[in-house]
Amino acid sequence: MLKVRLTEELSNALKNTRNDKNVKAADVATQIGKSLAFISKLENNMAEYVELDIIIEIFQFLIGKDENLEDYINPLLEKASMELTPEEIKKQQWMRVFDMVYRRIPIPVSLISFLNDELEKLNLTPEQVVLEMNKNQELDDRNLSNKNKNSLIFSKNKEDSYAYIIFDLKENLLANILDGKVRTINYITMDGIVRTLNKINGLSVDDATHKATSILNSHKFYSLYEKKKLLRINKRQEDIDAVLTDFDKANRETVNSIMKNIMMLSEWNIDYANKKLKNLDDSFNTDPPFIMAIIGSEFFKLKNVKKENKKQFISELNKLIDKFSNITPDPEEDFEIY
């Protein structure tokens, strides 16, 4: 069973997510078949290692069936890594697994063009590349004996700790990427594809690895570590713009547009704006994905509704909030009898 080091950041992420979702520790314990004391150890950083499957199961339970774990990973990682340097991120095994294995990244058109060009140059089919990856020739028999496939595996030797991956991919994966049937993929698989092409081109394993990172960066296909590193290196705005992906830029443009409207409302009535913004801030601190889902609703459809009907809508919305806020959960027990 794959284990990761239980860091303070992971403990805080588990505890904060549970509190944000208003879930009792006892319910988490029941869900994963462990004791309340076990959950307490996880959240208070009182264990050295924890099985990755348990961490995944806890997060999946906390976010609920209506939300996809892959969609939750980005804000989770951003929040947990906010004050960490790139090197500190590297030491967080759970972050590396979430970032490189579970986080899905949109595949840029330029990267697909690069892959097509490489296949044509090497006179290879997509299936041949995947079959080459699945040979896992870089690994020795001891590493190959691990049953975890297509995920980061952490190990140690006499000199250092290291991570590796055993690929066991579907033969048509790369073909589906090139045909546009697969539009998002995790970092570690795309890195493996590019690294394999580099090795077929005659590069050593180390050189193929370094070049793969450079190629992916050039197409703005980043791991969290690489993106943080590049943003720390590049201080000028034009350099930062060069690092950001089209998705990042679209996000920034939307946020800037929202900020312009907020500033306009603040200039119109600063007291009114401050009260509403404070409510919004308090709400975001409670459950960011839930609040994003609400404010991201299609309110623009109410554009042509009369003002009195809009006031009625707000009144009924407030009544709905009051109704659901009165549905309180059972008090959580901090201790259990053993």
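Details
- For the pair the stretch 167-192 / the stretch 83-118, the C-alpha centres are spaced 14 Å from each other.
- Relative contact order (%) - criterion: Cα under 8 Å, at least six apart; region: the stretch 104-232: 32 percent
- Ranked for footprinting exposure by Cβ neighbours inside 10 Å, fewest first, 4, 205, 101 give 205, 101, 4.
- Dipole magnitude (debye, nearest 20) for the stretch 104-232, charges at Cβ of Lys, Arg, Asp, Glu: 640 debye
- Flagged links, alpha-carbon separation over 23 Å, of 121/228; 90/121; 121/211: 121/228; 90/121
- Fewest-first ranking of 36, 14, using other Cβ atoms within 10 Å as the exposure measure: 36, 14
- Using the Cβ of residue 126 as centre and a radius below 12 Å, the other residues enclosed give a net charge of -4, where K and R count +1 and D and E count -1.
- Taking the fewest neighbouring Cβ atoms within 10 Å as the starting point, the ordered list for 297, 214 is 297, 214.
Every read-out reported here was derived from the displayed coordinates using simple, explicitly stated rules and does not represent laboratory data. Computed from a predicted model, the values in this text were never measured in an experiment. Every residue, glycine among them, receives a Cβ derived from its backbone with ideal geometry; neighbour counts consider all protein chains shown.
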